[in-house]
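The values are calculated or read from the model by the stated rules, or taken from the named source; none is laboratory data. Keep in mind that this is a model prediction, so the values were computed, not measured. Quick reminder, even Gly has a Cβ in these numbers, built from the backbone with ideal geometry, and neighbours come from all protein chains shown. Side chains are part of the model used for accessible areas, which takes the heavy atoms of the whole protein and leaves out ligands, DNA and RNA. Shrake-Rupley method; radii C 1.70, N 1.55, O 1.52, S 1.80 Å.
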Amino acid sequence: MKCKNCSRQVLINDYCKDCFIKYFEKEFRKGLGNLKGKSLCIAVSGGKDSLTTLYLTKKFYPENKILALLIDEGIHGYRHGTIKSLRKYAVEWGIPYKILKFKKPLDSMNPKRPCSVCGVLRRYYLNKHARVFNVLILGHNLDDEAQSTLMNVFMRYASRFNRMTVKQVTHELFVKRVKPMRYLSEREVMAYFLLKGFNTSMRECPYARSSFRDVVRKSLNDFEYKHSGTKLSIIKTYDSLGIINNPVNLGSCNACGEPSSNEVCKACMILKG
Ligand SMILES: [Zn+2]
Ligand SMILES: [Zn+2]
């Protein structure tokens, strides 16, 4: 088959290698929006999604102040591989980085639902440390976003559902988020990452298999396989609900003052509990 843009051999999405890379970068650029003059904190894990985000943000905004921020959750044997990759690429691309550790390693907390505890604390620390920047950039892809949307529906997390798209949260301590890969699938990100010749640890978090997200991920992949376009439909439906323009006014945690929809935020409950 021939590429829909030129006459070369198709590699992925009806594109040849070069045309796919161009398509991917154009979509990413669109997802970033106009960040001229803004200081940017990029949440990184050192995995393929965040490294792609780091590389392309720097490519499109080489003059901006950029920091790569990695939160080390303290999961034995898991994070060191991607930290090594982050260090290597950050130096290569000339981007400063910072690594923060959970005060108590996740392993030592022995939580009943590790992924939800980890998620709460990671978001908490990211928001706290990204605050001195104008924008927090997240490397979530279409698969992540479709999973999160469905999870919030299944779990009846109406408030979180509202907060998922970034524009509508108002709290002076809540950093504006941008997700440039919201419409790019995991498969596309992986293809781009490999075609650019990048590499990193692809090891999965040891807790991931026991999570609710994993159940949703598997079902969604199965659905996508049988009904191509499902993931995008979920996101587009969510986007068209109209809640996007309705701001959510977050309150503040009584204990730490951070943005929270409860009297005491989940992070404080975990850290003190
Ligand atoms: Zn082509
Ligand atoms: Zn708190």
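Scan region 148-159 and report the pairs whose first residue is at pLDDT below 80 and whose second residue is hydroxyl-bearing (Ser, Thr, Tyr), with Cβ atoms within less than 6 Å and a gap of 6+ or a chain change. So the pair list comes out as Ser159/Ser261. Scanning region 97-147 for residues being in contact with an Asp or Glu (Cβ under 8 Å, 6 or more places away or on another chain), touching a residue at least 40 places away in the same chain (Cβ under 8 Å) and closer than 19 Å to Leu51 by Cα gives a total of 7.
Of the residues examined, Arg209 is not one that is in contact (Cβ under 8 Å) with a residue 24 or more places away in the chain, surrounded by fewer than 16 Cβ atoms within 10 Å (Cβ to Cβ), over 14 Å from Asn141 (Cα atoms) and of a type outside the set (Ser, Thr, Tyr). Across region 216-225, not a single residue is classified as of a type in the set (S, T, N, Q), surrounded by 18 or more Cβ atoms within 10 Å (Cβ to Cβ) and away from ligand 1 (no atom under 16 Å from the Cβ). A single entry from Gly74, Gly47 fulfils the requirement of being among the small types (Gly, Ala, Ser), more than 17 Å from Phe198 (Cβ to Cβ) and assigned by TED's automatic domain parsing to the domain that holds Val178: Gly74.
Can you name every residue in region 1-33 that is polar (S, T, N, Q) and either in a loop (DSSP other than H, G, I, E, B) or within 16 Å of ligand 2 (Cβ to nearest atom) (or both)?
First pass over region 1-33, keeping only residues polar (S, T, N, Q): 5, 7, 9, 13.
Passing the criteria: Asn5, Ser7, Asn13.
Taking Leu194, is it in a loop (DSSP other than H, G, I, E, B), of a type in the set (A, V, I, L, M) and either modelled with pLDDT of 95 or more or assigned by TED's automatic domain parsing to the domain that holds Val10 (or both)? First the steps, then the outcome.
Details: in a loop (DSSP other than H, G, I, E, B): no; of a type in the set (A, V, I, L, M): yes; either modelled with pLDDT of 95 or more or assigned by TED's automatic domain parsing to the domain that holds Val10 (or both): yes.
Against the criterion (in a loop (DSSP other than H, G, I, E, B), of a type in the set (A, V, I, L, M) and either modelled with pLDDT of 95 or more or assigned by TED's automatic domain parsing to the domain that holds Val10 (or both)), Leu194 does not qualify.
When residues in region 28-56 are screened for being surrounded by fewer than 20 Cβ atoms within 10 Å (Cβ to Cβ) and on the phi > 0 side of the Ramachandran plot, 2 of them pass.
Take the residues of region 57-75 that are of a type in the set (D, E, K, R) and farther than 18 Å from Arg123 by Cα: which is least open to solvent (accessible area, probe 1.4 Å)? Working first, answer last.
First, pick out the residues of region 57-75 that are of a type in the set (D, E, K, R): 58-59, 63, 65, 72-73.
Within this subset, residues satisfying the condition of being farther than 18 Å from Arg123 by Cα are 58-59, 63, 65.
Numbers: Lys58: 52, Lys59: 96, Glu63: 166, Lys65: 126 Å².
Result: Lys58.
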